[in-house]
Amino acid sequence: METDGLFSLAQPDLSTVVPAAGFGAPAADAPLPVRMRPTDLDELVGQQHLLAPGAPLRQLVTGSSPMSVILWGPPGTGKTTIAHLVAHATDRKFVAMSALTAGVKDVRAVIDTARRQRRSGGPPTVLFIDEVHRFSKTQQDSLLAAVEDRTVTLLAATTENPYFSVISPLLSRCVLLTLQALEEDDVRGLIRRAVSDQRGLGGAVMLTPEAEDHLVRLAAGDVRKALTALEAAAGSAIAQGATRIDLATAERAVDVAAVRYDRDGDAHYDVTSAFIKSMRGSDPDAALHYLARMLVAGEDPRFIARRIVIFASEDVGMADPQALVVATAAAQAVQLIGLPEAQLNLAQAVVHMATAPKSNSVTTALGAAMADVRAGRGGPVPIHLRDAHYSGARGLGHGRGYRYPHDDPRGVVRQQYVPDDLVGTDYYRPTEHGSERAVGERVPRLRRIVRGLTSRTASAGGADRAAGGAPVPDASQSSAAPASVGVPAASASVEDVGASAASVSAEGGAGAAAVPVSAGDGDGAPAVPVPTGGGGDGAGPGGATNPPGAATGSGAAAAGPGADSDEKRSDQSGDAAGKEQP
């Protein structure tokens, strides 16, 4: 029977435990950031939101509560410093390991040793894991039981968003403390302390205000970066026999600011989000700033180009169709030229996107169409639109009744294209921004011709759909309705067309102006001449009237045309021009 050392008087074997290397007293030649680490909570600068009396961080450092904690924050905000404070604050056993070098075997060795120590009356163990986000799922799983029963108190540090990089079971067993980048005043105070403190430079040199401002700005909230730059500048000054660090010396020591960006981290998503939102908000200056941050940080230019191409359709769309051409050209330039020259192509595309008129009508139209598809709307493809190029398709009725738009002088004919249960549905709603204004004027006219509607009927159908009601049926295309409602029959004269439209207007209510489809578009557009020879929409002289109740298959506009009818010729034209393109 395994006793796990319950009755052993010998000290536990610690030979397999990863030592807490680097957590002792710093050597005299240690880097300045290491020498300047706070020795107690009172010296800790920043993170005041975590240092209130009774706060989890204070409890962790003082040992008053054995809760496990995950520290999340950008580099240089004090995560390792807090671990040092925990290591020296109490008599708890402190074990440190890095996720870069440790494996499951190392983790289990620490947990086994901690369990034996607890059973023999030894001190509790605090396990510090730096860069915990680099642990695999299996490695993180190995911690769950020990953290759950507090065999070890876990102290983990990460620069990555733990909601993405730490498994949910481990995250739920820990308190998440978020560390913020230090303010400029905090960084400035630490620089001044390092210049005068005996652990630091001990007053060997002085720092001019201009040089101090330069170091604070380049640090960008990273204390480690600030102190490293200060040490380099001090070494340069002392080597030259100077006793002061001026701006020129500080600039020679370090000339590149710390960039808050990680290609695989949380800052990656934040900067990318700000980049896209700045273009969407028509702020070219902000968009160029975030572009520069990504380029300086070494982001893959192909990723940036892909985001711009997506943006061109998602947020500019039909308001400036040329935007997609520009974005695609920039993406091709990145492939052909590469950095650094291609950054100019990206910048041009970014300025174009930010200053272009905006429209998300394409995005919302596709979203609405996909929502209908997912909801099960959309019946069979109308039979006159089905593929008819293969042998036997005609025998199934495929393509019968199809009207070839090029046979009509307008290039548009009255014909049902959507399945029966989507008749009258408007997905695309143009805006009045940029080039889409002209499209917005054209779309209602096209819909009235295609659907065979008067101006009043079309507007009523749109209101019905917007209100969530059923679409207004187009009787001329439905197999269950009379052949013509509000639209004159094909054999009627032009005068009859006007009379029929007038009667519809009278029935629809006073003041409603209905314009015949064959004579005009109802919005003040020039009248469209009635076709006389083409298949068209069956409204011109010589056309064949669809008999009421004629079988139309899946909502076909017309069934079996006459042998010599224009409609049949239209079918044949469609076959010859594209073999009923699938």
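The values are calculated or read from the model by the stated rules, or taken from the named source; none is laboratory data. Owing to the predicted nature of the structure, the values given are computational and were not obtained by experimental measurement. Note: ideal-geometry Cβ built from the backbone for every residue, glycine included; neighbour counts use all protein chains shown. In case anyone asks, the SASA skips ligands and DNA or RNA and just uses the protein heavy atoms, side chains included. Shrake-Rupley method; radii C 1.70, N 1.55, O 1.52, S 1.80 Å.
Any chance you could list the semi-axes, whole Å, largest first, of the equivalent ellipsoid that the Cα gyration tensor gives for segment 323-408, using √(5λ)? Let's see the in-between values first.
Numbers: eigenvalues 382, 74, 38 Å².
They are 44, 19, 14 Å, listed from largest to smallest.
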List, in order, the whole-Hz ³J(HN,Hα) value for each residue of segment 201-212 obtained from phi through the Karplus relation with A = 6.51, B = -1.76, C = 1.60 and θ = phi - 60°; use x for Gly and Pro.
-> 7, x, x, 5, 9, 10, 10, 6, x, 5, 5, 4
Show the residues, 5+ positions off or on another chain, whose built amide H is closer than 5 Å to the amide H of Val69.
-> Leu154, Leu155, Ala156, Val175
Potential extension, Gln348-Arg437 segment - 0.36 nm per residue separation minus Cα distance | 29.5 nm
With label points set 7 Å from each Cα along the Cα-to-Cβ direction at Ala393 and Arg119, the distance between them in nm comes to 7.7 nm
So which chymotrypsin sites (Phe, Trp or Tyr not before Pro) in segment 290-399 are both in a DSSP loop and have at most 16 other Cβ atoms within 10 Å of their Cβ?
-> Tyr390
Probe 1.4 Å - accessible area at Glu251, Å² to nearest ten | 90 Å²
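If you roll a 1.4 Å probe over segment 174-330 with all protein chains in place, what percent of the accessible area is carbon or sulfur? Please list the in-between numbers first.
Numbers: 3840 of 7370 Å².
Whole-percent figure for carbon plus sulfur exposure: 52.
For Met206 and Asp246, compute 0.36 nm times the residue count separating them, minus their Cα-Cα distance, and round to one decimal in nm. Walk me through the numbers before you get to the answer.
Working: separation 40, 0.36 × 40 = 14.40 nm, distance 0.87 nm.
Full extension of this stretch gives 13.5 nm more.
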Descending Cα extents along the principal axes, segment 182-338, whole Å = 65, 30, 25
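So if R0 is 25 Å, what FRET efficiency would Asp285 and Arg217 give, r being the distance between their Cβ atoms, rounded to the nearest 0.05? Each step should come with its number before you reach the end.
Details: r = 19 Å, r/R0 = 0.78.
The pair Asp285/Arg217 has a calculated efficiency of 0.80.
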Quick one: Cα centre-to-centre distance for segment 64-110 and segment 174-214, in angstrom?
-> 24 Å
Which pairs break 23 Å Cα to Cα here: Lys79/Lys277; Lys105/Lys137; Lys277/Lys358?
-> Lys79/Lys277
So, with points 7 Å from each Cα along the Cβ direction, the Leu171-Arg302 label distance in nm works out to 3.0 nm
One checks the Cα atoms of segment 140-220 and finds Rg and Dmax, in Å, of 19.8, 54
At a 1.4 Å probe radius, which order do His433, His398, His406 fall into by accessible area, largest first?
-> His406, His433, His398
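If R₀ is 45 angstrom, what is the calculated FRET efficiency for the pair Asp42 and Asp426, using the beta carbon separation as r and rounding to 0.05?
Numbers: r = 67 Å, r/R0 = 1.48.
The formula returns an efficiency of 0.10 here.
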Calculate, in nm to one decimal, what Asp141 and Val381 gain on full extension: separation in residues at 0.36 nm each, minus their alpha carbon distance.
-> 81.3 nm
For segment 55-183, the convex hull over Cα atoms projects on average to an area in nm² of 7.4 nm²
Ile449 accessible area, nearest 10 Å², 1.4 Å probe?
-> 20 Å²
Give the calculated FRET efficiency between Arg192 and Asp29 to the nearest 0.05, with a Förster radius of 22 Å applied to their Cβ-Cβ distance.
-> 0.45
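Working with all protein chains in place, sort Lys137, Lys93 by solvent-accessible area computed with a 1.4 Å probe, largest first.
Numbers: Lys137 135, Lys93 55 Å².
Highest to lowest solvent-accessible surface, that is Lys137, Lys93.
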Provide the per-residue ³J(HN,Hα) series for segment 297-303, in order, calculated from phi with Karplus coefficients 6.51, -1.76, 1.60 and θ = phi - 60°, each as a whole number of Hz, with x at glycine and proline positions.
-> 6, x, 4, 5, x, 5, 5
